[in-house]
Amino acid sequence: MLLKALQGIHGDRADAVTVAGRSASYEELLGAARAVAADVAGAPAFAVTATASLETVAAVVGGLLAGVPVVPVPPDAGPAEREHILRDSGAVLVDADFARRAPASALTGTKAPGPDDPALILYTSGTTGAPKGVVHTAAALAAGLDALAEAWEWTAEDTLVHGLPLFHVHGLVLGVLGALRTGSRLVHTGRPTPDAYAAAGGSLYFGVPTVWSRIAADPAAAGALATARLLVSGSAPLPTPVFRELTRLTGLAPLERYGMTETLITLSGRADRAPRPGTVGTPVAGVRTRIVAEPGADIGELQLTGPTLFTGYLGRPEATAASYTGDGWFRTGDIAAVDEDGVHRIVGRASIDMIKSGGYRIGAGEVENALLDHPAVSEAAVVGVPDADLGQRVVAFVVADGVTGPELTDFVAAHLSVHKRPREVRFVASLPRNAMGKPQKRLLLSPEER
């Protein structure tokens, strides 16, 4: 069974799962989930508006119990996005009160779930077209969660705290299903505010860089996390200044991990090793990686294989085939490097973060971290734009006060190789970001620069 805690092997408690201030025992959660399972049995797929609520948790568990693929829908999805997800997945949409939105005839029959049956259909962000449904089996979910439990020494003795959305790998798979597999108590704060994290009393905390940045800016909240044993950051690179400030305030160096909707989490720091800023650790159990670089380059595309990979894009066999190499390795589209001790660094996306300028290959992430080391800079995004002379020139978009573009260019040149310095600095009020805090760089560029 994927959700081992619901078998009673870790005992039960009244507050086994807490979401936005409401608690349930495993027995209560299982009872609600069984009611959902009876409602959706036989459906081709089951969609739930993934609000931060106990109802969402019960709905997801119910779909897994029924052997019906669960399709989490972002609660803030616009009409077009919601319609696309429902049409593409063929899912039956169920309200938080589990009222059915389809004829009863569509919900008849039962199916015993198997480890290789589709369990979750998670939709991509749609940055390169319409969102695609990523199909994961229970076996892939179990492999990924067990590998992380081993790397993080995650057990039923932990209390996991986070306030992340429940329609992504980070918040739902790791942050809910992970707790229900390991038996750790789960406290979802509703919203990931510094005060809520400080009051939760956890031993294990999940957050995205935006969350950790806000906590690092609140010394009292950060100090309250000093009793935890592990702070985990993911979904986007953690800026080095935030890493350092969190370490100073909490005494805990935050651990970073790397994954994708298609792969779950494949690289991670470990609880028994001190993490280094800007790194995402080593492959988790069962995962193998390789870097495919052009001759003479020390960075290249990260490719991987292992038991956590998706079974394919729903209804898109050509897109699925294109995401793999001829010898069966998944192409992440991310640019990475591997240190001598096997620790990985993610430089950025191949499509926008690999900058080829004047014959050099430059990773945008490295330049962004250098900019963020300047005390006047609060946000930074680096891209390559077409240049008649250089091929591409390095352009930095920054949120900063009291500093000029030439000063930032000189600052980077003093910290990195001179050829990596921004040739142009554009000041902006803020960076456009998605729900997980990732900068949407293409929105910063004019149509002719994209």
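Roughly how many Å² of residue 399 are accessible to a 1.4 Å probe, to the nearest 10?
Per-residue accessible area (residue 399): approximately 20 Å².
Using a Gaussian network model of the chain whose springs link C-alpha atoms within less than 10 Å, name the residue from 314, 186, 246 with the highest mean-square fluctuation.
314
What does the charge count near residue 415 come to, summing +1 for each Lys or Arg and -1 for each Asp or Glu among other residues with Cβ under 11 Å from its Cβ? Present the calculation step by step, with values, prior to reporting the outcome.
Details: positive: 420, 421; negative: 366, 373, 410.
Once all neighbours under 11 Å are counted, the net charge is -1.
Quick check: from the Cα gyration tensor, does segment 392-450 come out rounded (a/c under 1.5), prolate or oblate?
Here segment 392-450 falls in the prolate category.
Taking a probe of 1.4 Å, how large is the accessible area per residue of the chain, in Å²?
Working: 18290 Å² over 450 residues.
Accessible area per residue, the chain: 41 Å².
Could you let me know the centre-to-centre spacing of segment 241-282 and segment 350-420, using Cα atoms, in angstrom?
23 Å
So what is the calculated 222 nm ellipticity per residue for the chain, using -39500 (n - 2.57) for each DSSP H run with n of 4 or more, over all residues, to the nearest 500 deg cm²/dmol?
Details: 12 runs with 117 residues, N = 450.
Theoretical 222 nm ellipticity from helices: -7500 deg cm²/dmol.
Tally Lys/Arg at +1 and Asp/Glu at -1 over every other residue whose Cβ is under 13 Å from the Cβ of residue 135; what's the total?
Values: positive: 132, 316; negative: 88, 116, 117, 262.
Its environment carries a net charge of -2.
Taking the chain as a Gaussian network, Cα atoms linked when under 10 Å apart, which of 433, 276, 345 shows the biggest mean-square fluctuation?
Among 433, 276, 345, the largest GNM mean-square fluctuation belongs to 433.
Nearest 10 degrees is fine. How inclined is helix 54-66 to the longest principal axis of the chain, computing both from alpha carbons?
70 degrees
Which residue, 416, 174, 204, has the most motion in a Gaussian network model of the chain that connects Cα atoms within less than 10 Å?
Looking only at 416, 174, 204, the largest GNM fluctuation is found for 416.
What shape does segment 8-63 take by its C-alpha gyration tensor, where a ≥ b ≥ c are the square roots of the eigenvalues and a/c under 1.5 counts as rounded, a/b above b/c as prolate, and the rest as oblate?
On the way: a/c = 2.98, a/b = 1.49, b/c = 2.01.
Judged from the Cα gyration tensor, segment 8-63 comes out oblate (a/c at least 1.5, b/c at or above a/b).
Would segment 277-376 count as rounded, prolate or oblate if I go by the C-alpha gyration tensor, calling it rounded below 1.5 in a/c and otherwise prolate when a/b exceeds b/c, oblate otherwise? Numbers along the way, then the final one.
On the way: a/c = 1.91, a/b = 1.61, b/c = 1.19.
Because a/c hits 1.5 or more and a/b exceeds b/c, segment 277-376 counts as prolate.
Let's test this: bin the Cα-Cα distances of segment 121-254 at 5 Å from zero up to the farthest pair and state each bin's percent.
Binned Cα distances yield the sequence 2, 10, 20, 22, 19, 14, 8, 4, 1.
The values are calculated or read from the model by the stated rules, or taken from the named source; none is laboratory data. Because the structure is a prediction, the values reported are computed rather than measured. As a convention, Cβ positions derive from the backbone with ideal geometry for all residues, glycine included, and neighbour counts pool all protein chains shown. What goes into the accessible areas is simple: the full protein's heavy atoms, side chains included, and nothing from ligands, DNA or RNA. Shrake-Rupley method; radii C 1.70, N 1.55, O 1.52, S 1.80 Å.
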